[in-house]
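The values are calculated or read from the model by the stated rules, or taken from the named source; none is laboratory data. The structure displayed is predicted, hence computed values, not measured ones. Every residue, glycine among them, receives a Cβ derived from its backbone with ideal geometry; neighbour counts consider all protein chains shown.
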């Protein structure tokens, strides 16, 4: 497989629009790297530059130490799986998978062995004589992956391959892609706008916004230690709540205030806000860290507030409660056993041990 280096990669179109700006990344052999971000963030453009389908305006792309900037796509030894299945409707599944091998001038026996092995890996052995119209969406996507696998490329590039599938199939295909990565030991670069896909598949995740890398990290570090406000809000579902708070100091303690809400910071967090006293910051807290009070959570009483539920959503084992407090729209994720309903009141506690703090101006994490 391959090591890939992207050094100060930029993509600027003729109209002056910058799609990717100074993209720097080292991808190790056999890594599963995810490019994630909202539509228009530059993730697919970056993938297409690696594939050779887009010209690189500036910077260097290296695969195994070889400069790739001017190497044609067909000579880069990469295989790409697109959002659309890109299958030939008049060909059998066998011929679709084998199509990319024909230019390699393999013997019939060699070609057949590779196709059969790919079909075995992807559970397509019984489908090889069929035409694409006879297959389900998930099976078609597996065929597209099979066509990539048989080429045995240095790098697999996948551009939102699951976005055309329904929710149940997406879950199934996520599992299959993860298992495929383990079996092949391949270097995979995968583009998605779905942060759930990113969190469940990647060994490392590249979060992008407006063509710029916001953070590169493992899934657990991205969730626990977001570098800035954008990453914190993008990773996690439901997304993190953000409250505009004023920092106050009383008798050596640091408090965050918004309207009637007054939350004392734990000892391990108050030192970092000494320089923000009497100024505003943004506090982030995940919906699951806004909790109902019970005997096992007595420590949370100091951070409790009475709120009025505006919207109640039942999601099986949990319920989402939507409410407003001091001008901030907030979501709490609580047990489905709660008796809270729309229009009713409930006492909830903000677990400040789990709170995130961000500079209002730079939007960078303070902690």
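Among the residues of segment 32-45, which ones are closer than 19 Å to residue 235 by Cβ and outside any strand (DSSP E or B)? Give the steps one after another, and end with the answer.
Step one: list which residues in segment 32-45 are closer than 19 Å to residue 235 by Cβ, which gives 32-43.
Answer for segment 32-45, where residues must be closer than 19 Å to residue 235 by Cβ and outside any strand (DSSP E or B): 37, 38, 39, 40, 41, 42, 43.
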Only one of 186, 232 is closer than 29 Å to residue 113 by Cα and touching a residue at least 60 places away in the same chain (Cβ under 8 Å), namely 186
Exactly one condition in (1) crowded, with 16+ Cβ neighbours inside 10 Å; (2) free of Cβ contacts under 8 Å to residues at least 12 places away in the same chain is not met by residue 275; state its number.
(1)
Verdict on residue 87 being part of a loop (DSSP other than H, G, I, E, B) and at negative phi
yes
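Regarding segment 12-27, can at least one residue be identified that is without any contact (Cβ under 8 Å) to a residue 60 or more places away in the chain, within 20 Å of residue 218 (Cβ to Cβ) and in the same structural domain as residue 155 (by TED's automatic domain parsing)?
Residues of segment 12-27 without any contact (Cβ under 8 Å) to a residue 60 or more places away in the chain: 12-17, 26.
Still in the list and also within 20 Å of residue 218 (Cβ to Cβ): 26.
Right, trim to in the same structural domain as residue 155 (by TED's automatic domain parsing) and you get 26.
Within segment 12-27, one or more residues are without any contact (Cβ under 8 Å) to a residue 60 or more places away in the chain, within 20 Å of residue 218 (Cβ to Cβ) and in the same structural domain as residue 155 (by TED's automatic domain parsing).
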Of all residues in segment 333-367, count the ones that are in contact with a strand residue (DSSP E or B) (Cβ under 9 Å, 6 or more places away or on another chain) and under 17 Å from residue 245 (Cβ atoms).
18
Which listed residue, of 353, 294, is assigned by TED's automatic domain parsing to the domain that holds residue 278 and over 25 Å from residue 228 (Cα atoms):
294
Within segment 56-96, track down each residue that is under 26 Å from residue 16 (Cα atoms) and in contact (Cβ under 8 Å) with a residue 40 or more places away in the chain.
56, 57, 58, 59, 60, 61, 62
Residues that are under 18 Å from residue 282 (Cα atoms): list the strands (runs of 3 or more DSSP E) wholly contained in segment 304-367 that include at least 1 such residues.
318-325, 328-335, 345-350, 356-359
Scan segment 1-52 for residues that are more than 30 Å from residue 183 (Cβ to Cβ), surrounded by fewer than 16 Cβ atoms within 10 Å (Cβ to Cβ) and either in contact with a strand residue (DSSP E or B) (Cβ under 8 Å, 6 or more places away or on another chain) or at pLDDT 95 or above (or both) and jot them down.
7, 8, 12, 13, 18, 22, 24, 38
Number of the exception - residue 168 against (1) in contact with a helix residue (DSSP H, G or I) (Cβ under 8 Å, 6 or more places away or on another chain); (2) part of a helix (DSSP H, G or I)
(1)
Taking the condition modelled with pLDDT of 95 or more and surrounded by 15 or more Cβ atoms within 10 Å (Cβ to Cβ), does residue 281 pass?
yes
Helices (runs of 4 or more DSSP H) wholly inside segment 173-291 that include at least 2 residues being within 24 Å of residue 301 (Cα to Cα) and touching a helix residue (DSSP H, G or I) at 6+ places or on another chain (Cβ under 9 Å):
267-270
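Restrict the check to segment 98-107 and report whether at least one residue is modelled with pLDDT under 95, in contact with a strand residue (DSSP E or B) (Cβ under 9 Å, 6 or more places away or on another chain) and surrounded by 12 or more Cβ atoms within 10 Å (Cβ to Cβ).
Residues of segment 98-107 that are modelled with pLDDT under 95, as a first pass: 98-107.
When the remaining residues are screened for being in contact with a strand residue (DSSP E or B) (Cβ under 9 Å, 6 or more places away or on another chain), the result is 100.
Pick out the ones that are also surrounded by 12 or more Cβ atoms within 10 Å (Cβ to Cβ) and you get 100.
Yes, that holds for at least one residue.
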Under the condition of being assigned to a loop (DSSP other than H, G, I, E, B) and touching a helix residue (DSSP H, G or I) at 6+ places or on another chain (Cβ under 7 Å), which residue from segment 130-156 is surrounded by the most Cβ atoms within 10 Å (Cβ to Cβ)?
150
